[in-house]
1. For B:Glu153, state whether it is within 17 Å of the chain's Cα centre (by Cα), buried (at least 21 other Cβ atoms within 10 Å of the Cβ), within 13 Å of chain A (Cβ to nearest Cβ) and of a type in the set (D, E, K, R).
2. Quick check on this structure: which one of A:Thr173, A:Thr161, A:Thr109 is modelled with pLDDT of 95 or more, under 18 Å from A:Phe238 (Cβ atoms), more than 13 Å from chain B (Cβ to nearest Cβ) and crowded, with 24+ Cβ neighbours inside 10 Å?
3. For the condition in contact with a Lys or Arg (Cβ under 6 Å, 6 or more places away or on another chain), assigned by TED's automatic domain parsing to the domain that holds B:Gln232 and either crowded, with 18+ Cβ neighbours inside 10 Å or not hydrophobic (A, V, I, L, M, F, W, C) (or both), what is the one hit in B:Glu80, B:Glu101, B:Glu46, B:Glu88?
4. Only one residue in A:Thr327, A:Thr270, A:Thr312 is within 30 Å of A:Gln223 (Cβ to Cβ) and either β-branched (Val, Ile, Thr) or in contact with a Lys or Arg (Cβ under 9 Å, 6 or more places away or on another chain) (or both), so which one is that?
5. Counting only residues that are among the aliphatic types (A, V, I, L, M) and in contact with a helix residue (DSSP H, G or I) (Cβ under 9 Å, 6 or more places away or on another chain), which one in the stretch B:420-468 is surrounded by the fewest Cβ atoms within 10 Å (Cβ to Cβ)?
6. Are any residues in the stretch A:34-58 among the small types (Gly, Ala, Ser) and more than 9 Å from chain B (Cβ to nearest Cβ), and if so, which ones?
7. Please find, among B:Thr261, B:Thr255, B:Thr241, B:Thr312, the residue that is surrounded by fewer than 24 Cβ atoms within 10 Å (Cβ to Cβ) and either touching a residue at least 40 places away in the same chain (Cβ under 8 Å) or farther than 30 Å from B:Gln360 by Cβ (or both).
8. Checking A:Phe66 against (1) more than 7 Å from every other protein chain (Cβ to nearest Cβ); (2) touching a Ser or Thr at 6+ places or on another chain (Cβ under 7 Å), which test does it fail?
Protein chains: 2
Amino acid sequence: MATNITPRAENYSQWYLDVIAAGQLADHAPVKGCMVIRPTGYALWEEIQAVLDRRFKETGHVNAYFPLLIPQSFITKEAEHVEGFAPELAVVTRAGGKELEEPLVIRPTSETVIGHMYSQWISSWRDLPLLINQWANVMRWEMRTRMFLRTSEFLWQEGHTAHETPQEAEEETLKMLDVYREFLEGHLAMPVLAGRKTEREKFPGADRTYCVEALMQDKKALQAGTSHNLGQNFSKAFDITFLDRANERLHAHTTSWGVSTRLIGGLLMTHSDDDGLVLPPRIAPVKAVIIPLFKNDEEKALVLPFAEQVKTALGGCLDPLKVRMDTRYDQRPAERYFHWIQQGVPLRLEVGPRDVAGGQVCAVRRDTRAKAMIGLDDLGREIPALLEQMQADLYAKALAFRQANTHLVDTYEEFKQVLTEKGGYILAHWNGSEEVEARIKEETKATIRLVPLENTPLPQAAGPGRCMVTGEPSPGRVVFALAY
Amino acid sequence: MATNITPRAENYSQWYLDVIAAGQLADHAPVKGCMVIRPTGYALWEEIQAVLDRRFKETGHVNAYFPLLIPQSFITKEAEHVEGFAPELAVVTRAGGKELEEPLVIRPTSETVIGHMYSQWISSWRDLPLLINQWANVMRWEMRTRMFLRTSEFLWQEGHTAHETPQEAEEETLKMLDVYREFLEGHLAMPVLAGRKTEREKFPGADRTYCVEALMQDKKALQAGTSHNLGQNFSKAFDITFLDRANERLHAHTTSWGVSTRLIGGLLMTHSDDDGLVLPPRIAPVKAVIIPLFKNDEEKALVLPFAEQVKTALGGCLDPLKVRMDTRYDQRPAERYFHWIQQGVPLRLEVGPRDVAGGQVCAVRRDTRAKAMIGLDDLGREIPALLEQMQADLYAKALAFRQANTHLVDTYEEFKQVLTEKGGYILAHWNGSEEVEARIKEETKATIRLVPLENTPLPQAAGPGRCMVTGEPSPGRVVFALAY
């Protein structure tokens, strides 16, 4: 039976959990705040990994693996870093039946242990740039958790690079931010705003943090990826030095950047509907499912061979491993449909006796439910086109949603009103002070999601004005929102 | 400069560590017993993952991710399991700034937490078989560690399946053992013996453990992969039950199977030589490196365009990402050669001015150092053939080594003598008692690596005889060896 899903309008949070349960994406682990990523959910992570890993390699990076456990003393070497992460650490105090002399923390992120290794591997400018990525699990003990979006353990990738000059480090930081933007927009069909975090919101230990932010259907923002220019903070804390071309010993400039399984939560909240998961075709682990329909053995003998022909045709234009045949013949058609709807499969291809007679299938899109009759000989051309159309439509729909939910305000009163009544992104002027930023957050829960960059597609935010709170000068608007 | 490598004959253990250091495969982590897998080593793991993951999927398995932390109480639910793993556990006692009410262990393996989840996911025979694999890090606190072979943290895959009948579980256990055998022999060029472990050597909690064992160059055996039929031990401990086709509630039959980063150590010790790493072409992350050689700008202008033509030709017959161009023109040729020799790259293609004149390259095999002149137009045909020949030769060499180091003995005196003087596999009769097995281990350090299966390629082991220690009847010889 199809699992019941609470409508978004009724209870958005419950809807989110229901979509996860109905799609069998994840489950609660026995340890509070941790999750099990079930095969359907993990297949999404594998798709994300495959595309990003290729992009990382094309941009010159290699993968490596650094240890899970970090001496507690490492975390304290960078002052801001320890302040940011100390409250969230999980600590191993006993191992092999003995108390440890120095407690070990489970990595919340790996700047410290990687910094320690880089100091041993880097000695000359010839060793730079060092461009390494790691796919790993990390642990940040969370009080309020939410599947995919905030769990104590999560999976991610963390890139860590070291460079000769500040310019190169900044270029790398922005290049990887752009890799994330392209990936989110091109594959996940999630339009994002790329920008810079404020000092208050930046990564503990970074000089500058850049981010990509996406707007969810409940009009809250989600930080989908971050890229940090760490300057010389970690190279000084961990003594990462090199002899430069003039034979002078200098500290390297480092960066780090990451995205996590949180992307799956963002993907879900961007496209899914009250019937469950909706997946953009390019990232869908199963792109099409064939559903043979028959009422008796006579029809079965007609339908199954034709369904096999359909499968062969699809295997010619799509990865055969990404096409499924539904064989749960003992269930009613509606139940069979709902199973695949809730798993977010982009196309359902119904094949009944009348379709066989007409030499065609009925293709039903997951997002719009639009039906199209497609002849067997046309499948190789029409199915990929239909999938690409769906990909484009999902992106366009999400972009229109963001545009409809981006508001300009000039006064703090108006800000509070729009935030409460409309939500979404609010572009407003701010005097640049952490104090005002903190006050706005305390009074409204809204945070500055980003300070637009030159290429952030927000022309309406450009140009000077006056801080909505203090009336002081501001060089341009920043983006506020309630956020996950 | 080429890193010095201690010859095998002088100090085998040091040779092993030197090959790892020279090939930049791994490094010691700051936490004792843990390692950092460097890019060259990790690329090997990625190759291993890619091939095995595809095989797992082709045999019907899907991937998922289960949590790192397991409640300590879970480990104690299966009596043999806790006995086996308790001494090696790393325990988190503090998290988020507080002492935990129940300590959490870092998974040493995931049967328990997966059993807990399976009990929730499985309710009917329709949910079976459940065929899930996980790629993950695990932790077993070790006193005596050795890079890749035995480290406190290691990377592995663990398959966990549940079935309706004991027959199906046994079939799955043997099927995955065979996947490992095929992979080891076909890709890693490591001939293995597949067999059953004795009761004493089996996995804590299994009914039966099967293994593939490989012989290293120091004539010690290495357990390269294991596949366990867990019977109903875990399904009873974790209450994994289902309604069968007759509507009766039964406990499922489960299996688990895994290989780890230990394979990299085994690969190294099977093929490498006193100059460093030797990699079978099918698993080598870099299959060929082009080395342009010139003494002046005039020669450079001649050589580089030709080297680019060579690269294009190789890109046509090999994955272009797996071909490298050596550009360290400021170093002496010998140093440039040694860099790639120590990284185990199967083919080195030298291109000097005379080669350009002759329209050819000099291809040098890493294993035999055999040189072959190959014309530019023939590269697309000859290079893949050369790589396949090298793959076959490495396997044949390792197989001949194993055959030359497999001995039949009939008395315990002879056993001790052969073990001390020759090493290798010793096929001997044993009465099947754990007591005798323990005595042999205590007196000689040799263990029973496996009890041959019907299809184990050891015809000389078949047929009954008398236990070399007690003279009692034995149905067939078993394989003894000193082991890692």
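1. Values: within 17 Å of the chain's Cα centre (by Cα): yes; buried (at least 21 other Cβ atoms within 10 Å of the Cβ): yes; within 13 Å of chain A (Cβ to nearest Cβ): yes; of a type in the set (D, E, K, R): yes.
So B:Glu153 fits the description; yes.
2. Sole residue among the options that is modelled with pLDDT of 95 or more, under 18 Å from A:Phe238 (Cβ atoms), more than 13 Å from chain B (Cβ to nearest Cβ) and crowded, with 24+ Cβ neighbours inside 10 Å: A:Thr109.
3. None of the others qualify; the one that does is B:Glu88.
4. Values: A:Thr327 fails: within 30 Å of A:Gln223 (Cβ to Cβ); A:Thr312 fails: within 30 Å of A:Gln223 (Cβ to Cβ).
Only one candidate passes the filter, namely A:Thr270.
5. B:Leu453
6. A:Ala50
7. From the options B:Thr261, B:Thr255, B:Thr241, B:Thr312, the qualifying one is B:Thr241.
8. So the condition that A:Phe66 fails would be (1).
The values are calculated or read from the model by the stated rules, or taken from the named source; none is laboratory data. These figures come from a predicted structure and were not determined experimentally. Heads up, the Cβs are rebuilt from the backbone with ideal geometry, glycines too, and the neighbour counts pull from every protein chain shown.
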